[in-house]
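Here is the structure we will look at.
The values are calculated or read from the model by the stated rules, or taken from the named source; none is laboratory data. Since the structure is predicted, the reported quantities are computational estimates derived from the model, not experimental observations. A quick note on method: Cβ atoms are made from the backbone with ideal geometry, for glycine too, and the neighbour counts reach across all protein chains shown. What goes into the accessible areas is simple: the full protein's heavy atoms, side chains included, and nothing from ligands, DNA or RNA. Shrake-Rupley method; radii C 1.70, N 1.55, O 1.52, S 1.80 Å.
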Amino acid sequence: MNWDDTAPPTDAEAAADGRLVGASADGEDQAVEAALRPKSLDEFVGQERVREQLDLVLKAALARGATADHVLLSGAPGLGKTTLSMIIAAEMGAPIRITSGPAIQHAGDLAAILSSLQEGEVLFLDEIHRMSRPAEEMLYMAMEDFRVDVIVGKGPGATAIPLELPPFTLVGATTRAGLLPPPLRDRFGFTAHMEFYEPVELERVIHRSARLLDLVTDADGAAEIAGRSRGTPRIANRLLRRVRDYAQVKADGRITRETAAAALAVYEVDGRGLDRLDRAVLQALLKLFGGGPVGLSTLAVAVGEERETVEEVAEPFLVREGLLARTPRGRVATPAAWAHLGLVPPQHGGGANGAGARGQQGLFGT
Ligand SMILES: Nc1ncnc2c1ncn2[C@@H]1O[C@H](COP(=O)(O)OP(=O)(O)OP(=O)(O)O)[C@@H](O)[C@H]1O
């Protein structure tokens, strides 16, 4: 998404949209996610440390009869930041207002929201790093003193009218905690970094969602989906729905290891969660360039994609999985990449030419 949400999508965004293993929410996700969201900290799977710390923060505030401290949640898309903000409100018995940084372009937009909050209300501000600078500065004072200065008029005649706010809890969410200016970061009483989930945790997410969707899923079926879900509950839930479709059309509706593997093969999501684009990048790197190093632009031309698409859509997961490394000399495949594609690395120095001639056919073969 862009700062200005009306701007046309970039090539990388267009490539990421509608991707089965993409971590951002698509239309279908939004429709079903409400039904699948855990409603309490006890129901929230994984993230043990964050849960334990948050539990203390909330219980202490309740015991004091106070509004909870402001909370900053950072982590990749789809890990449960929105869900956790709703849980914070539910645990505090407070209403919640949801908005996002890109929706607040002017300080006045923020003043309107803040001045209409009820006492104790939770304000969830998604993508807080994308708020405009004037709004951000207004937020500093609102967070610290529960007060804002509303500027009336323009130029030398402008006056600041102070406006008292009821105490509220700001829950900010960001995928890029490093982009937040320190004065904003410092005003959060509690900061939680959400990690990617372990496969066993995703299995629990899948079993829970399957129960809510009335699906019969055995342990192996859930494990098969979990292993392909890239550490992300949103992707796990989405893959579960695609496997359900397959199981209903091609089998008896039950989700087993076999139906899960067959369904996800149809959607070209492999055993490790790589999709067609991820594998095309790896195959080009290995078969055409002998495992690298090769420059990003060359690699992008080889797979017929824009440079940004390779860099922003495919590479982050390949790097995280330890399949590809970004080095000053270019992109390099790791031994795990050769093993994953069932290929043998060249013996002498990994020269690009020989491997290139060998790899031209069958680049998109498997
Ligand atoms: N810990 C969890 N346990 C069970 N389900 C979870 C958990 N975390 C997330 N989910 C499920 O994953 C989906 C996505 O979660 P959520 O919308 O909270 O992610 P997010 O981090 O806010 O994503 P984004 O940054 O894109 O807004 C929801 O359907 C939610 O039910």
If I model a spin label as a point 7 Å beyond the Cα along the Cα-Cβ vector, how far apart are those points for residue 31 and residue 276 in nm?
2.3 nm
Charge dipole (debye, nearest 20) of the chain; +1 at Cβ of Lys and Arg, -1 at Cβ of Asp and Glu
900 debye
So for the pair residue 63, residue 43, with labels modelled 7 Å out along Cα→Cβ, what separation do we get in nm?
2.6 nm
Any idea how far the Cα center of the range 97-133 sits from the one of the range 269-303, in Å?
41 Å
Please report the base-10 log of the normalised intensity I(q)/I(0) for the range 199-266, using a Debye sum with one equal scatterer per alpha carbon and no solvent, at each q in 0.12, 0.13, 0.16, 0.23 (1/Å).
-0.22, -0.26, -0.39, -0.85
What ratio of Cα Rg to 2.2 N^0.38 Å holds for the range 47-193?
1.04
Just to confirm, what accessible area per residue do you get for the range 199-266 at 1.4 Å probe, in whole Å²?
42 Å²
If amide hydrogens are placed 1.01 Å from N in the peptide plane, which non-local residues have theirs closer than 5 Å to the one on residue 171?
71, 123, 124, 125
When the accessible area of the chain is computed with all protein chains present and a 1.4 Å probe, what percentage of it is carbon and sulfur?
53 percent
Placing +1 on each Lys and Arg Cβ and -1 on each Asp and Glu Cβ in the chain, then taking the dipole about the Cα centre, the residue among 221, 50, 125 whose Cα reaches farthest towards the positive end is 221
Rough spin-label spacing in nm, given labels placed 7 Å along Cα→Cβ, for residue 298 and residue 262:
4.4 nm
For the chain, using Cα atoms only, the Rg and Dmax in Å read 23.8, 76
Only Cα pairs within less than 10 Å get springs; with that Gaussian network setup on the chain, which residue of 126, 252, 26 has the largest fluctuation?
252
